[in-house]
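Below you'll find the structure, written out as structure tokens, and then a few comments.
Derivation of every value follows stated rules applied to the coordinates shown; laboratory data play no part. Since the structure is predicted, the reported quantities are computational estimates derived from the model, not experimental observations. When we count neighbours, we look across all protein chains shown, and the Cβ atoms used for this are built from the backbone with ideal geometry, even at glycine.
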Amino acid sequence: MGKEFFKVRMFEGNAKWSESVKRNELIYSRDKDIRNEFMRDYNRIIHCTAYRRLKHKTQVFFATQNDHICTRIEHVNHVASVSYTLAHFLGLNTQLTSAIAIGHDLGHAPFGHTGEDILKETAKDKLGEKFWHEKNSLRFVDKIETLQSPEAKEENLNLTYAVRDGIICHCGEVDDNKIIPRDVVFDLETMEKASQTAPFTWEGCIVKIADKIAFLGRDFEDALELNILSLDDFEQLKMDIKKDIGYDIKSINNTVLMHNFMIDLCESSNPEKGIMFSKKNLEIMKYLKKYSYENIYNHKRLNTFKNYAELIINSIYDTLIDFYDKEKTLSNIDENYNLYPTLLNEYRRWLVKYSNIEDKGVREKKYKNYIIYDIEKENDYISSVLEFISGMTDNYAIRVFNELIRF
């Protein structure tokens with residue numbers, strides 16, 4: 001057993017190779033570069049600011065003061081670790097899985113899925129559009145995140161198709177039977193919902209399933225640390241699994257669950273059947289996820305934090321929206337700068353970098369990235385506010401909110 005997928009891995013002889021390594025635009029080359037295309041993507045992701053901000057973004061329990069609770073940067077590293085282990089054993093391209101995994105949650109909203117739900121509601125109400133974090137992550141790696149070129153100009157990441165595809169296809173439920181990559185190449189920006197399609201590569205399929213493996217046990221550990229669940233709850237859960245679906249489970253913690261799911265996946269998968277779990281482990285995973293939603297993610301102790309997050313995000317949104325007046329927007333921001341310097345310093349820079357607003361030639365001197373907002377269009381301005389907020393960390397959003405209520 002092992003290296004079952006070696007012949008279908010993403011390598012230069014693969015029929016999908018040329019499409020997988022395509023970029024929207026060429027990026028500069030370096031002399032004597034020892035990296036391949038996917039290694040370059042990995043490096044470009046870990047050097048961008050959205051990756052740095054993951055350390056202060058929520059996984060489940062937002063803005064916690066407990067240093068031992070999982071943050072989103074820890075989560076993406078768990079996903080990268082699980083993906084690497086699975087890909088290495090099965091014979092797939094570990095450099096591709098690493099790049100997808102490390103970038104799959106870039107631009108995720110502050111305050112976890114609560115923050116995402118708040119932005120989703122605002123986008124639907126104000127723009128008539130869907131906001132979902134996988135599409136937002138693609139937006140960040142395609143149009144928002146930049147790196148300095150050798151000429152000291154900020155340029156977009158311009159990642160390969162395979163990495164971009166793995167990022168937008170990483171979420172959604174795992175099919176009851178299998179995951180097999182699709183063969184069709186299409187414009188990823190046309191995707192309308194999570195799990196609309198399977199990833200383009202086997203490596204993307206691995207990251208999709210690694211995302212599920214990585215968070216489940218960790219959320220249980222955090223719930224225990226924060227007294228949302230007790231050891232007695234864990235014992236009762238094991239008995240319920242035995243009674244309801246007929247399986248013994250020895251322990252419920254991150255390392256045990258991750259190990260069991262990973263071994264089972266390796267034993268159950270091959271290129272003919274697809275990436276899959278055994279019936280037993282799929283049922284256990286579904287049972288644990290259902291339990292988590294009922295007893296962790298929707299626990300009554302989180303309701304106050306959810307209300308707090310909604311107040312913070314909506315207050316920031318309302319404040320920034322009030323400054324809009326087409327080409328006069330920048331002047332309005334400057335006139336109120338002393339009231340909200342923490343917020344307006346960063347948002348002003350955001351507008352100058354990503355919109356067609358004029359500011360004494362700053363864009364020409366510093367930026368070579370895409371212009372994505374037309375300041376004459378109110379909907380573009382609303383999008384700029386929503387995407388600016390989605391890039392925030394929990395800590396920064398709280399700091400800005402405290403500034404808004406300071407008198």
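Summary of computed values
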read-out	value
T71 long-range amide H proximity, modeled H, under 5 Å	none
Sum of -39500 (n - 2.57) over DSSP H runs of 4+, divided by residues of the chain (222 nm, nearest 500)	-16500 deg cm²/dmol
Amide H partners (placed H, <5 Å) of Y367, local residues excluded	E154
Full-stretch length increase - S195, H88 - with 0.36 nm per residue and alpha-carbon distance subtracted	36.0 nm
Unit charges on C-beta of K, R, D, E only; dipole of segment 301-404, Debye	480
Of D222, D33, D359, the one that fluctuates the most in a GNM where the chain has Cα springs shorter than 10 Å	D33
Most positive-pole-ward Cα, I69, A109, A194, against dipole of segment 62-213 from beta carbon charges	A194
3J(HN,Hα) from dihedral phi, segment 185-198, Karplus parametrisation 6.51/-1.76/1.60, rounded to Hz, x for glycine, proline	9, 8, 5, 5, 5, 8, 5, 10, 7, 5, 6, 5, 8, 6
Karplus 3J(HN,Hα) series, Hz, for segment 349-357 with 6.51 cos²θ - 1.76 cosθ + 1.60 (x for Gly, Pro)	4, 4, 5, 5, 6, 10, 10, 8, 6
Gyration tensor (alpha-carbon) shape descriptor, the chain, a/c threshold 1.5	oblate
Chain lengthening between N66 and E25 when straightened (0.36 nm per residue, less Cα-Cα)	10.5 nm
Contact order normalised by residue count of the chain, Cα under 8 Å, 6+ apart, percent	20
For the chain, built as a Gaussian network whose Cα springs stay under 10 Å, the top-fluctuating residue of R218, R301, R139	R301
Cα shape, segment 53-141, gyration tensor, a/c 1.5 rule	oblate
Computed over segment 301-404: relative contact order in percent, which uses C-alpha pairs under 8 Å that are six or more apart	33
Residues with amide H under 5 Å from that of N93, placed H, sequence gap 5 or more	M10
Segment 286-303 versus segment 41-71: alpha-carbon centroid distance in Å	22
Hz values of 3J(HN,Hα) by residue in segment 26-42 - Karplus curve (6.51, -1.76, 1.60), Gly and Pro given as x	5, 10, 4, 9, 10, 5, 6, 6, 9, 9, 8, 5, 6, 5, 4, 4, 4
Distance (nanometres) between label positions extended 7 Å along Cα→Cβ at N270 and L224	3.7
Cα gyration tensor shape of segment 301-404, rounded if a/c is under 1.5, else prolate or oblate by comparing a/b with b/c	prolate
Peptide ranges 197-205, 128-136, 87-95, 303-311 listed from the most packed, as the mean C-beta count within 10 angstrom indicates	197-205, 87-95, 128-136, 303-311
